[in-house]
Amino acid sequence: MVTFQLDGLQCSTRADINLLQACLEAGANLPYFCWHPELGSVGACRQCAIKQFSGPDDKTGRIVMACMTPVTEGTRVSIDDAEAKEFREGVIEWMMVNHPHDCPVCPEGGECHLQDMTVMTGHNTRRYRFTKRTHRNQDLGPFLNHEMNRCIACYRCVRFYKDYAGGEDLAVLGAHDNVYFGRSEDGTLENAFSGNLAEICPTGVFTDKPFSETYTRKWDMRGAPSVCVHCGVGCNTFVNARDEKVRRLLNRYNDEVNRYALCDRGRFGHGFVNAPSRLHTPLCLSEEQPTPVPTQSAMAQFARMVASGPIVGIASSRASLEACFSLQCLVGREQFSTGQTQQEQTCAELAYTLLRDHPGSIPTLHDMESADAVLVLGEDVSATAPRLALALRQAGRQNSFLAADAAKVPRWMDAAVRTIGSETLSSLFIVTPAPTDLDKSAEETFRAVPDNAARLGFAIAHQLDPTAPAVPDLTPFEAEQANRIATALGAAKKPLIVSGMQYGSPALIQAAARIARSLAQNTPDAGLSLVMPDCNSMGMAMMGGLPLETVMMRARAGAIGTLIIVENDLTRHLDPPEIVELLEAVPNIVLIDHTATALWQNANLVLPAAAFTEYAGTLISQEGRAQRFFPAVFPLSPIQASWRWVQELARALPPSAEPQLAPHRTDITAWQNLDDVLAALGTEIPIFAGIIKAAPDAAYRLNGQKLRSQTYRASGRTVIRSYISVRDQPPPTNPDTPFSSSMEGAYQPDMPAALVPSFHAPAWNSVQALNRFQQEIGGPLRGGEAGIRLLANHALKNGQTEQLPAPDIPPPFTPQSDTVLLLPDVRLFGSEELSMLSPPVVARAPPANLRLPAHGTATASHITFHLEGYGPQTLPVQLVADLPDGIALCPAHMVAPAFSFPRLARLTATRAEGDGS
Amino acid sequence: MTAATHPLTAMITPAAPPPDCAAYEQAGGWQAARKALKILAPAEVIDMVTRSKLRGRGGAGFATGQKWSFVPKNAASERRKYLVANADEMEPGTFKDRWLLEGNPLQLVEGMILAAYAIQAGHGIVFLRGEYHLPRKRLTDAIEEARQKGWLGENILGSGFSFDIHLHSSAGRYICGEETALITALEGKRATPRSKPPFPQFSGLWGASTVVNNVETLCNLPHIVTNGPEWFLSLGMGADGGTKLYGVSGRVRRPGAWELPIGTPLRQIIEDHAGGMLPGYSLRALLPGGASTAFLDESALDVAMDYGSVEKAGSRLGTGTAIILDDRTCPIGMILNLEHFFAQESCGWCTPCRDGLPWVERLLGALEEGTGESEDLEELARHARMLGTPGRTFCAHAPGAMAPLASGLKLFADDFSAHISQRGCPLRHAA
């Protein structure tokens, strides 16, 4: 700790930070633009000028940029100094020279950092009287608007997009007062994190385009803390809604997970909640047509179904824990399926047990950023877990931080650190079949089919720990690769192994865990991270249940009378013949979902469920973090949370049906609210006992009040609805949360982190208000941790370490002359289910194609191949350099929704090159 | 002209091609390189240069020996280091380095060998102004010849020291003359200055140790090493050592550049060497060291043109090339022209410079056009004050740009008021 004097006040602060951070942490209002806590300092905007005095006798002092000046013991600074104030006011005035002052029509208005900073400096009169410079704006694709005239040239956008996120198609163009931040020509911003520009940009240059289409002011929206549902990482978000419609999604800072950035799939994937594919009412199949019916009739219909025989429930890895648990309670464990195939379930359960028993650390995303050697084994994390890939990209910079430390250059001195580190090596190794977006951050990339990648992994583990089994038939080249990677990992203080389920290969996951375990023998911080596909894959793996194959078996045997499917599109797991078979074999199908998925017209009963924006529930991320999401929207009846539908079904059961069901201890019909569900879940399945602490319960009160979910500035609710009716409506309520749905209630920066509905503080109306909610800049929130981790680091100490079963080391892959190995090509946009119902994401999804090795003999423009269950498929060909021989990459869930990989296929050229059409 | 009095230019014959290696050697060249590589240790070369009190001739006047002393001492073979010759001569009114580049490029090559040996840099780069076509040709030839004769390349003179020079022609931005922007440009990035620390001597080009020296600075080295620091010191007229290339432009009889003892009085340069003012013109004021130095008026003509004296007089020696303002040219028009240049050449990185300089330019333009308002003078003064102090802007570009404005506002106060009261430039009206 160091102490410094700020305008006469003694402040105590951390060493090794800069004066801007120190002033902000001391609670002072010091304006800034170019500095960003995650991007560091570059000294471009000159806005954070303060006076620094060299000693007790120095009366004049010197203007310095707070962001570029390290805080030192005893230093004396002044924000209020007249000269410094005049300069800061001048800086705003210069920025305003070409700014259009179009706040009333600017989407950023009301949450604009530039507005806040302008007010903060006191600048209020414009003296510049000449013509303003104007720019032409660009079409940047479906995610972002571009309005360059508002630009104040703080350089944050390019520093985030290029330096931090690795994007290549946004640049500073032009010079002097004509600098232009854009692409070389109009076109979609390609980087997976482009949407963050809407939050990174301190004014209205880059704004959320889908939000603009149904624009509303920030203060008229309700906010709710939420969790992203588009992959297994578990990024924290804010959902903003007005008129019971979700308008946008923002990043919600969680110091251990997503911190300051979301991926574009997460930010723009929420469109499915407003999509026409939403279900609004119960539907009964009547004369082969789904027909709307009242809830009561639907329940009566269900009661009649029970006579047909046993009820089986199919849950889902994209449904909340509560939805899955309620279903398990209704049907009993023996009739409860995870909704995954055996392959999916084996991988997920393997991942869970390996993480649970990992003797090293299970790193958070933030931990990963400081890993000093990383091996990504057989997973394209940039598509399956994009935010994780962004964390690994930062890990690749570890050596430049070490070089900066050695040079005594503070790590926040961004430009200097990047210069010093410009030729240091990355500590990232990637082994995948195909090129990934993360490759350019890697020190070395290795192309290998999953089996060979697993073999390489086992070989690395053997190198590190000779007691681990050796890999037979390793080529000298592979042995050398294994040796090189093992050496780098073994020398690291904080090594990290990342793998996942993308290729459905248990061997890959085992190999990754073996390496991490070998490392953990000498390096307690050795981390293991296993990527899972869905937002509650880990929850499902922990809960357990039958695979879909068992359900199919029972269906074929006529042992299923009624099938209740909760939030699961079975066509993504079973191929068309299996679906036909299932529909024929099961007399009654009840589908509970928010969206009309593939089978909705075949279901005898469809019940409209709330989407994640409309109820409170819990998801468990791939690192075992249980996180609660809350409703921003109060859906019109009869839409309700899936668990409430299941509860209604339970209530509808005729008493005579009870014996047919497996006995269960929990009386689900007695549940009053979410807390009752959570209590029962913790009792029934003890590993979930902790999730009750993921967020305070519905009875929580702050200063005796509920928590508000709107700002104090919200237009009156009669005004908001005045275009419909001026009659006052009572604000909606929700029994599951401690939130009021209105502006009435408590709100303060140290409120529980899991319950913060938005970031706002006096004088700070933009997302930058976050600094008031943090214990320290970049550190934990003042309200503690949001969510709770169910998997502990170093779970099993030395000596306790359970022996891993002997691994199934696959034989080396040999390319075949007549067939290719088809591997799933997971796409950032296109493969994930829910985001593909969101129009902006659909617009970004590239058309399906078949990717083949460039050095192969294929010269055809299109290839036809036969997929079992789907028949012949014809796809355009894209040749990819460096693909291993004998494989082809087929887009996952795009060509064949349930196509399980890997499998062999025979390819036929259909159209030769130059064939044209 | 002899090498004893005019070491930098003695070998230069106007309108003749520069000396080749043989002619250069015959006239006394390569002695210093031979002496340094065969007899002197790198530290001894640094010591000689330090004792000579040679100061950077690019404008900032930083002591060359001291600049080198911050470079890590590892041998060139152990650590990647760069020596860069700053030949990006773009300051308006400055044309001194061009003389050296065109007239005797081998002198620069030898100077670079000496500097590189002193700091143990294995790689040399000449960063040349893009428009300098003839210098590019002559430098290319000189470097190639030196390489063929073994003065560049592996193991020069069997000393174990290896060094080669790469010539880079700039894409053309004034800011590239700023050493950190120059380095950034060499890396293929936007020419934007970098913050110091870390200083280039520690983390420069691609993160490696780098020294950037002006062409004229480097050209002094062979003579210091050959003749010794005491001889060099004795060449100067005042506290500084050596000779200096001085230049004069404007309405004088013989505009040009001359090598004179550093500290030669300004009056002597203008009257004796530039031949005084053209008939019908008298001297109103002048910028003593190029466009980014403050105006001096007639009362300062007896100032000695060395670093300390010019600073005491209220300006800077800068590049030593004076621009004369005569009595028939509008001072506001001249300042407008300068500020137009500076506004256009701002790199756009920091706010005050990027958006302040164009505002200044437009205010001056309004005065010239006759749309100036009385508050404009206050606005100009505010800009001069806010942008003029180093440390407020990212680099020295804006403070340099403010030097002629701030001094001009005082010196030409009547002209400024006249532009407002007469709604335009009185001189233009008169014409």
Quiz item: Are any of the residues in the stretch A:600-607 surrounded by 24 or more Cβ atoms within 10 Å (Cβ to Cβ), closer than 19 Å to A:Gly269 by Cα and of a type outside the set (Ser, Thr, Tyr)?
Solution: no
Quiz item: Considering only residues of the stretch A:118-177 that are farther than 18 Å from A:Cys103 by Cβ and among the basic types (Lys, Arg), which is farthest from the other protein chains (Cβ to nearest Cβ)?
Solution: A:Arg136
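Every residue in the stretch A:93-117 that is more than 9 Å from every other protein chain (Cβ to nearest Cβ) and part of a helix (DSSP H, G or I), please.
A:Cys103, A:Pro104, A:Val105, A:His113, A:Leu114, A:Gln115, A:Asp116, A:Met117
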Quiz prompt | A:Thr683, sole failed condition from (1) surrounded by 15 or more Cβ atoms within 10 Å (Cβ to Cβ); (2) part of a helix (DSSP H, G or I); (3) without any contact (Cβ under 8 Å) to a residue 40 or more places away in the chain | solution = (1)
Exercise. Inspect the stretch A:181-195 for any residue being of a type outside the set (A, V, I, L, M), closer than 20 Å to A:Leu249 by Cβ and in a helix (DSSP H, G or I) and give the result as yes or no.
Key: yes
Self-check item: Complete set of residues in the stretch B:223-268 that are under 30 Å from B:Lys38 (Cβ atoms), buried (at least 22 other Cβ atoms within 10 Å of the Cβ) and aromatic (Phe, Trp, Tyr)
Solution: B:Phe232
Quiz item: Taking A:Thr419, is it of a type in the set (S, T, N, Q) and part of a loop (DSSP other than H, G, I, E, B)?
Solution: no
Quiz item: Listed residues A:Arg572, A:Arg628; which is at pLDDT 95 or above, crowded, with 23+ Cβ neighbours inside 10 Å and not aliphatic (A, V, I, L, M)?
Solution: A:Arg628
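Which of the residues spanning the stretch B:41-52 are out of contact with any Lys or Arg (no Cβ under 9 Å at 6 or more places or on another chain) and surrounded by fewer than 20 Cβ atoms within 10 Å (Cβ to Cβ)? Can you show your working first?
Step one: list which residues in the stretch B:41-52 are out of contact with any Lys or Arg (no Cβ under 9 Å at 6 or more places or on another chain), which gives B:41, B:44-52.
Listed by number, the residues that qualify are B:Ala41, B:Glu44, B:Asp47, B:Thr50, B:Arg51.
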Practice problem: Could you check the stretch A:367-409 for helices (runs of 4 or more DSSP H) lying wholly inside it with 1 or more residues that are in contact (Cβ under 8 Å) with a residue 60 or more places away in the chain and more than 21 Å from A:Leu456 (Cα to Cα)? | Solution: A:381-384, A:386-395
Quiz item: Within the bounds of the stretch A:442-460, is there any residue that is more than 14 Å from chain B (Cβ to nearest Cβ), over 29 Å from A:Ile809 (Cβ atoms) and outside any strand (DSSP E or B)?
Solution: no
Self-check item: In the stretch A:837-861, residue nearest to A:Lys209 (Cα to Cα) [restricted to those that are among the aliphatic types (A, V, I, L, M) and crowded, with 21+ Cβ neighbours inside 10 Å]
Solution: A:Val841
Quiz item: Just a yes or no: is a residue in the stretch B:166-173 surrounded by 23 or more Cβ atoms within 10 Å (Cβ to Cβ), away from chain A (no Cβ under 14 Å) and at negative phi?
Solution: no
Quiz item: Only one of (1) touching a residue at least 12 places away in the same chain (Cβ under 8 Å); (2) surrounded by fewer than 24 Cβ atoms within 10 Å (Cβ to Cβ); (3) of a type in the set (Gly, Ala, Ser) fails for B:Gly158. Which number is that?
Solution: (1)
Quiz item: Of the numbered conditions (1) under 20 Å from the mean Cα position of the chain (by Cα); (2) over 24 Å from B:Gly372 (Cα atoms); (3) more than 14 Å from chain A (Cβ to nearest Cβ); (4) at pLDDT 95 or above, B:Glu345 satisfies every one except a single condition; which is it?
Solution: (3)
Practice problem: Specify which of the listed residues (B:Pro18, B:Pro92, B:Pro72, B:Pro14) is in contact with a strand residue (DSSP E or B) (Cβ under 9 Å, 6 or more places away or on another chain), in a loop (DSSP other than H, G, I, E, B) and within 23 Å of B:Leu245 (Cα to Cα). | Solution: B:Pro92
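Of the residues that sit in the stretch A:739-759 and are buried (at least 22 other Cβ atoms within 10 Å of the Cβ) and modelled with pLDDT of 95 or more, which one is farthest from A:Glu38 (Cα to Cα)? Give the derivation first.
Step one: of the stretch A:739-759, the residues buried (at least 22 other Cβ atoms within 10 Å of the Cβ) are A:739, A:741, A:753-759.
Still in the list and also modelled with pLDDT of 95 or more: A:739, A:753-759.
Details: A:Phe739: 31, A:Ala753: 20, A:Ala754: 22, A:Leu755: 23, A:Val756: 21, A:Pro757: 22, A:Ser758: 20, A:Phe759: 17 Å.
So the residue we want is A:Phe739.
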Self-check item: Hits in the stretch A:29-71 - residues which are away from chain B (no Cβ under 14 Å), outside any strand (DSSP E or B) and in contact (Cβ under 8 Å) with a residue 40 or more places away in the chain
Solution: A:Asn29, A:Leu30, A:Pro37, A:Glu38, A:Leu39, A:Val71
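From the list A:Ser370, A:Ser308, A:Ser326, which one is among the hydroxyl-bearing types (Ser, Thr, Tyr) and in contact with a Gly (Cβ under 8 Å, 6 or more places away or on another chain)? It would help to see each step written out before you state the result.
On the way: A:Ser370 fails: in contact with a Gly (Cβ under 8 Å, 6 or more places away or on another chain); A:Ser326 fails: in contact with a Gly (Cβ under 8 Å, 6 or more places away or on another chain).
Only one candidate qualifies: A:Ser308.
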Practice problem: Sort out for me the helices (runs of 4 or more DSSP H) sitting completely within the stretch A:527-597 that have 3 or more residues that are among the acidic types (Asp, Glu). | Solution: A:576-585
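Inside the stretch B:354-431, counting only helices (runs of 4 or more DSSP H) that do not spill past its ends, which hold 2 or more residues that are more than 10 Å from chain A (Cβ to nearest Cβ) and modelled with pLDDT of 95 or more?
B:374-388, B:397-411, B:413-421
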Exercise. Please indicate, with yes or no, whether at least one residue in the stretch A:703-715 is outside any strand (DSSP E or B), of a type in the set (D, E, K, R) and buried (at least 22 other Cβ atoms within 10 Å of the Cβ).
Key: yes
Practice problem: Filter the stretch A:227-282 for residues that are closer than 25 Å to A:Ala603 by Cβ, in contact with a helix residue (DSSP H, G or I) (Cβ under 8 Å, 6 or more places away or on another chain) and either free of Cβ contacts under 8 Å to residues at least 12 places away in the same chain or of a type in the set (A, V, I, L, M) (or both) and give the result. | Solution: A:Val229, A:Ala275
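The values are calculated or read from the model by the stated rules, or taken from the named source; none is laboratory data. Note that the structure is a prediction, hence the values are computed from the model and not measured. Neighbour counts run over all protein chains shown; Cβ positions are idealised from the backbone, glycine included.
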